[in-house]
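**Q** Sharing a structure with you now.
The values are calculated or read from the model by the stated rules, or taken from the named source; none is laboratory data. Everything numeric here is computed off the predicted structure, so don't read it as measured data. Note that each Cβ is placed from the backbone with ideal geometry, even for glycine, and that neighbours are counted across all protein chains shown.
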């Protein structure tokens, strides 16, 4: 790992100032992806700005929204009674990310900012029509994810929280794990809430997370596993690698969607 | 050089580190606590697991400076000063839950955290699922799972008595 200046600002304003002043500075949240990236020397930041001192961790619920602070860990989301009650599929998804040790460090904001094409959180955020709050603005999930490892975030923009609209009537996530890494080969989140019936897929797309309009239309008419199980997904634009061909992933999307709808009840 | 202050196994340390120094490097190279192992160095194998403020973490995937102000427990901090083993260590010995022993410190630390966080008895399936972040290249999982199951009542029995 190349060395860098470690900074731990005590306020959001100071963190933004550090990023704005130095184009080579990078943000550190939980570090469960970023530290491995640094170890491989894939990134050479001049400074690493640790967000742990900004007080951005925590979960709050109102009648209209569940808000999760950016540095809330996966473990905290997974065990939260509020999340389990308001959006059970989201708590379950968080409990399946990585392993216990990764979940104790990894954060929702870090996962979204990284936008790994096989990360789980983007599927939930897109399917639930969440809003990503930053120090500058509020970004709708539909506008936030812009391709593999690419988001709408500007270099000096920091995610502060993620707001999920409530009430959510149905939510569930199913993923088919790559047997060795346990990453999502295909993960499907299905949801029925204030933003409508939405289906989002992670792990499969060459451009990262995406919605499946045919499945959404079918589920809006008839919320049942059979409504989506028969929908054939085109392999065009899907990943093809040693773990699975595009056609295999396309097939898995229908299977995972069917299971997710069944799990949502 | 930046300074990190933290408590390790109950003892306060203040050490100069680089920004890039990993927690596991601080423990092994600066504090001489070589019980915490580096296996894969890619946050997969779990040989480097320690407790930070009571949560198991992979110390190869945390900067030393991120642990500033934290309380860290390593494998060296489990046994009592008189050498009495922690119930988890005792059960690993009892059930022969190690072969080459390389993964053992991380296995024990993950197991302690797991049992601490499960007030209700754990099934074998649960124990196996909770061990996802620890790999044993000897594939000695059966006895590791047995040891954890055996340590559960000992750890919770003691907690109940103390309370």
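**Q** For the stretch B:15-24, give me the residue count where each residue is within 16 Å of residue B:73 (Cα to Cα) and either under 14 Å from the mean Cα position of the chain (by Cα) or surrounded by fewer than 18 Cβ atoms within 10 Å (Cβ to Cβ) (or both).
**A** Within the stretch B:15-24, residues that are within 16 Å of residue B:73 (Cα to Cα) and either under 14 Å from the mean Cα position of the chain (by Cα) or surrounded by fewer than 18 Cβ atoms within 10 Å (Cβ to Cβ) (or both) number 2.
**Q** Sticking with this one: Within the stretch A:173-192, which residues are surrounded by fewer than 24 Cβ atoms within 10 Å (Cβ to Cβ) and either in contact with a strand residue (DSSP E or B) (Cβ under 6 Å, 6 or more places away or on another chain) or free of Cβ contacts under 8 Å to residues at least 60 places away in the same chain (or both)?
**A** A:176, A:177, A:178, A:179, A:180, A:181, A:185, A:192
**Q** Determine which single condition residue A:166 fails, assuming it passes every other condition in (1) in contact with a helix residue (DSSP H, G or I) (Cβ under 7 Å, 6 or more places away or on another chain); (2) without any contact (Cβ under 8 Å) to a residue 60 or more places away in the chain; (3) surrounded by fewer than 21 Cβ atoms within 10 Å (Cβ to Cβ).
**A** The number of the failed condition is (2).
**Q** When you scan the stretch A:1-88 for helices (runs of 4 or more DSSP H) that lie fully inside it, which ones turn up with 1 or more residues that are crowded, with 17+ Cβ neighbours inside 10 Å and at the interface with another protein chain (Cβ under 9 Å from one of its Cβ atoms)?
**A** Those helices (runs of 4 or more DSSP H) span A:34-39, A:74-79.
**Q** May I ask you to list the residues in the stretch B:103-128 that are in a helix (DSSP H, G or I) and at pLDDT below 95?
**A** If the condition is that a residue be in a helix (DSSP H, G or I) and at pLDDT below 95, then no residue fits.
**Q** Given the criteria buried (at least 19 other Cβ atoms within 10 Å of the Cβ) and touching a strand residue (DSSP E or B) at 6+ places or on another chain (Cβ under 6 Å), does residue B:52 qualify?
**A** yes
**Q** Right, another one. (1) touching a helix residue (DSSP H, G or I) at 6+ places or on another chain (Cβ under 7 Å); (2) free of Cβ contacts under 8 Å to residues at least 40 places away in the same chain; (3) more than 10 Å from chain A (Cβ to nearest Cβ); (4) assigned to a helix (DSSP H, G or I): which one isn't true of residue B:27, the others all being true?
**A** Of (1) touching a helix residue (DSSP H, G or I) at 6+ places or on another chain (Cβ under 7 Å); (2) free of Cβ contacts under 8 Å to residues at least 40 places away in the same chain; (3) more than 10 Å from chain A (Cβ to nearest Cβ); (4) assigned to a helix (DSSP H, G or I), only one is false for residue B:27: (2).
**Q** Next question, about the same structure. Can you spot a residue in the stretch B:153-161 that is closer than 16 Å to residue B:93 by Cβ and at pLDDT 95 or above?
**A** For the stretch B:153-161, residues closer than 16 Å to residue B:93 by Cβ and at pLDDT 95 or above: present.
**Q** I would also like to ask the following. State yes or no: is residue B:42 surrounded by 22 or more Cβ atoms within 10 Å (Cβ to Cβ), touching a helix residue (DSSP H, G or I) at 6+ places or on another chain (Cβ under 7 Å) and free of Cβ contacts under 8 Å to residues at least 40 places away in the same chain?
**A** Criteria not met by residue B:42.
**Q** Got at least one residue in the stretch B:86-97 being within 14 Å of chain A (Cβ to nearest Cβ) and either touching a residue at least 40 places away in the same chain (Cβ under 8 Å) or buried (at least 22 other Cβ atoms within 10 Å of the Cβ) (or both)?
**A** No, every residue in the stretch B:86-97 fails to be within 14 Å of chain A (Cβ to nearest Cβ) and either touching a residue at least 40 places away in the same chain (Cβ under 8 Å) or buried (at least 22 other Cβ atoms within 10 Å of the Cβ) (or both).
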